[in-house]
1. Please compute the length gained on full extension between LEU148 and SER354, using 0.36 nm multiplied by the number of residues separating them and subtracting their Cα-Cα distance.
2. Along Cα→Cβ, 7 Å out, is where each label goes; now give me the distance between the ones at GLU122 and SER391 in nm to one decimal.
3. Using a 1.4 angstrom probe on the protein heavy atoms only, line up LYS332, LYS249 by accessible area, largest first.
4. With a probe of 1.4 Å, find how much accessible area the range 282-350 has per residue, and write the answer as a whole number in Å².
5. Could you pull out every residue, at least 5 positions away or on a different chain, whose amide H is within less than 5 Å of the one on LEU277? Hs are placed 1.01 Å off N in the peptide plane, and Pro or chain starts have none.
6. What is the calculated FRET efficiency for ASP220 to ALA364, with r their C-beta to C-beta distance and R₀ = 35 Å, to the nearest 0.05?
7. Shape of the range 317-391 from its Cα gyration tensor (a ≥ b ≥ c, root eigenvalues): rounded if a/c is under 1.5, otherwise prolate when a/b > b/c, or oblate?
8. Can you list residues from other chains, or at least 5 along the same chain, whose modelled amide H is less than 5 Å from the amide H of GLY303?
Amino acid sequence: MRALFMFLSGFSHISPSIPLAWALRSAGHEVLYTGAGERTRVVAESGLSMADTAPESDVEAVLVNRPGTQHQAPGETQEESDRIAHLAGMFDPAKIIDARDAARIAETFAGFAALTLDGDLEIARRWRPDVIIHEPSHIGAPLVATRLGIPRVQLEIHLQGVDRFFHPQFTRWLATHHGVPAVEPPAVAIGMAPPSVVPPEPTARPMRYLPHNGGGILPDWVTRPAGRPRVCLTLGTVVPGVEGVGHLKRVVHEAARSGAEIVLAVGDSDLSALGDLPANVRPTGWIPLHELLPTCAAVVHHGGDGTTFTALARGVPQLIVPHGNEQLLNTKAVAGRGVGIGVELDAFTTGHLSALLEDAAYRAAAEEVRTEIEAMPAPADTVPSLVRLLS
């Protein structure tokens, strides 16, 4: 079987699909990714291959410059506006602008699809895949599948499945620009969220989330027992590049007051804006998060899907300081399951972290979720059923 993987160009979008791609390769199937831009290097770094479908385009400009406004968007019906307002109501009402901006990220995704669509179609025609495997946000994938008559598998990479709020914009884009009023539903939908944290879609097939945070050479201290509670403080892969780490200064110093060992895992970010770091703060370069977290008593992070998923899979209590959009939904899900707490950036205090570290109930709940995830079918167990369904 030949599987064409179509994911948005970004570490956080591609990485959740790597274990399934390698499960297919290990079972003797052929795998190829399509994509564009520097952010797709994770494919090659994982030992897989990618076809660049927009080599002359500035993909970075499209992905970073996300439009947003607190007013009804041009062409947006009142029904769609109400839907976005309802989504905002699931968040803190003070974050309503962020929620509306999240819905308009669909415009960014459509822009990416417009840049890569011709190349995606050409590669699919040349390579002749038996199946297209894609994330819900890649609007070009169902269009390619529909035009070429190729069955598709939709892999839900988000904990919350927030892509459903983008569908009205996606439908309008397909109808307006390509004359496609609708696309066939996927042959298979795969969900990776643990059911006790996020109830699954009724038709989705479960698959275990296996963290893929890249490889690396581990510092000696990572594998040694920590002399005191160790806390990982991270911002994932997107936020540091867009916003830097200066806004974390207060969080870093408040966390250090807890007396824990604070591992500041923000890659190669410039730390000068944080000032002089307390003695118990250990800044570090890139360390695979799935290797670091098992040594930690807690993790403080921004609420991105990859970090949230990895912490759940490793059974580590979470303290989330969300920036907006799906991070707010993830915070609600984590707090609702009792595996962590959420707090606004400006309200973060040492007491929040101390409460997380001292209350054994958070650790117990996190361990329950870890066990739940480990009981879900692994990607390798999913491959035979995919082959049967698509044959």
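The values are calculated or read from the model by the stated rules, or taken from the named source; none is laboratory data. Every value quoted in this text rests on a predicted model; they were computed, and no experiment measured them. Virtual Cβ from ideal backbone geometry, glycine too; neighbours counted across all protein chains shown. To get the accessible areas, we keep the full protein, side chains included, count just its heavy atoms, and leave off ligands, DNA and RNA. Shrake-Rupley method; radii C 1.70, N 1.55, O 1.52, S 1.80 Å.
1. Roughly 68.6 nm would be gained on extension.
2. 3.5
3. The ordering from most to least exposed comes out as LYS332, LYS249.
4. 27
5. Close amide H contacts, sequence-distant or interchain: none at all.
6. 0.70
7. Oblate shape, in that a/c is at least 1.5 and b/c is the bigger or equal ratio.
8. VAL321
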